[in-house]
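Shown below is the structure under consideration.
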Amino acid sequence: MNIFAGGKRLASDIGGHERGEDSDEHSERWLISYADLITTLMVFFLALYVLQLARYRELESKAFEQRIVKQHEQAAAANAANARDGVREGAKKTLMALLKPFGDSGQIAMVDTPQGLEIAINARVLFNSGDARLLPDSFAVLTEVAHVLADHSTRNVLVEGHSDSVPISNAKYASNWELSSARAGAVVRFLVDKGVAPHRLSAVGRADNDPLVLGSDEAARAANRRVTVLVQY
């Protein structure tokens, strides 16, 4: 009886031990699966990181190339602008040198402005007071100006007529607007007749709104009665 009971306890102990080992094996299998999952995720995220890094470097390389191209374009534009400025300055100096004798004689005055070279012609050389018909004494200086503009320049030319502040009202000119506009038009027609291309020319009357000299005395009024020829640069 005791032997039988002991044999049953022995078998029971052996069977329990075997079941315990199987249970431990089953309980540890999830660790293997979990480790495989973690490894797979690490490889996946590492691959994403590598791809993102490659993309970032590609974008950085393109941005660098674009900066280099932009710098070259800006440098080329600056060089072109400097070249154009040099050409313009050279053209202005050429015109001023050619017209210098008339400036020295007081028939014209030249001013280098941001808009271009302004050639001012005294209205007393060009017109009688209150009139827009060119005087014969003006033909020589206007002819020289026309030849210089036709032969040594291709720029557009704006002819501006100016009057003094004394109001005018007669059958021919209702105000200084009409008088100054007619004077500018007369100079434009003369320049065209002497060879300046018509498409380069335009005329405008300023009346007394842009005085050269402030004041109402005769000297100031005489200085303000003028025609300016602006060679635009």
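Read-outs throughout are calculated quantities, based only on the coordinates presented, and are distinct from any laboratory measurement. Computed from a predicted model, the values in this text were never measured in an experiment. Backbone-built Cβ (ideal geometry, glycine too); neighbour counts: all protein chains shown.
Applying the selection to region 100-139, what residues are acidic (Asp, Glu) and under 16 Å from Val159 (Cα atoms)?
Taking region 100-139 first, the residues acidic (Asp, Glu) are 104, 112, 118, 131, 137.
Selection gives Asp112, Glu118.
Let me ask something else. Please enumerate the residues belonging to region 178-227 that are among the β-branched types (Val, Ile, Thr), in contact with a strand residue (DSSP E or B) (Cβ under 9 Å, 6 or more places away or on another chain) and assigned to a loop (DSSP other than H, G, I, E, B). I'd like the intermediate steps shown before the answer.
Start the filter on region 178-227 by keeping residues that are among the β-branched types (Val, Ile, Thr), which leaves 187-188, 192, 196, 204, 213, 227.
Pick out the ones that are also in contact with a strand residue (DSSP E or B) (Cβ under 9 Å, 6 or more places away or on another chain) and you get 187-188, 192, 196, 204, 227.
Residue satisfying the conditions is Val196 alone.
Let me ask something additional. Does at least one position in region 176-183 carry a residue that is surrounded by fewer than 13 Cβ atoms within 10 Å (Cβ to Cβ), out of contact with any Cys (no Cβ under 8 Å at 6 or more places or on another chain) and of a type in the set (Lys, Arg)? Explain how you work it out, then say what you get.
Keep residues of region 176-183 that are surrounded by fewer than 13 Cβ atoms within 10 Å (Cβ to Cβ), which gives none.
No, there is no match, as no residue in region 176-183 is surrounded by fewer than 13 Cβ atoms within 10 Å (Cβ to Cβ), out of contact with any Cys (no Cβ under 8 Å at 6 or more places or on another chain) and of a type in the set (Lys, Arg).
Anything in region 90-127 that is in a helix (DSSP H, G or I) and of a type in the set (A, V, I, L, M)? List them, or say none. Reasoning before the result, please.
The initial filter retains those residues of region 90-127 that are in a helix (DSSP H, G or I), namely 90-104, 123-126.
Selection gives Ala91, Leu95, Met96, Ala97, Leu98, Leu99, Ala123, Val125, Leu126.
Residue by residue through region 212-233, note down the ones that are surrounded by 19 or more Cβ atoms within 10 Å (Cβ to Cβ) and either touching a helix residue (DSSP H, G or I) at 6+ places or on another chain (Cβ under 7 Å) or under 19 Å from Pro114 (Cα atoms) (or both).
Once the filter is applied, which keeps residues that are surrounded by 19 or more Cβ atoms within 10 Å (Cβ to Cβ) and either touching a helix residue (DSSP H, G or I) at 6+ places or on another chain (Cβ under 7 Å) or under 19 Å from Pro114 (Cα atoms) (or both), region 212-233 yields Arg225, Arg226, Val227, Thr228, Val229, Leu230, Val231, Tyr233.
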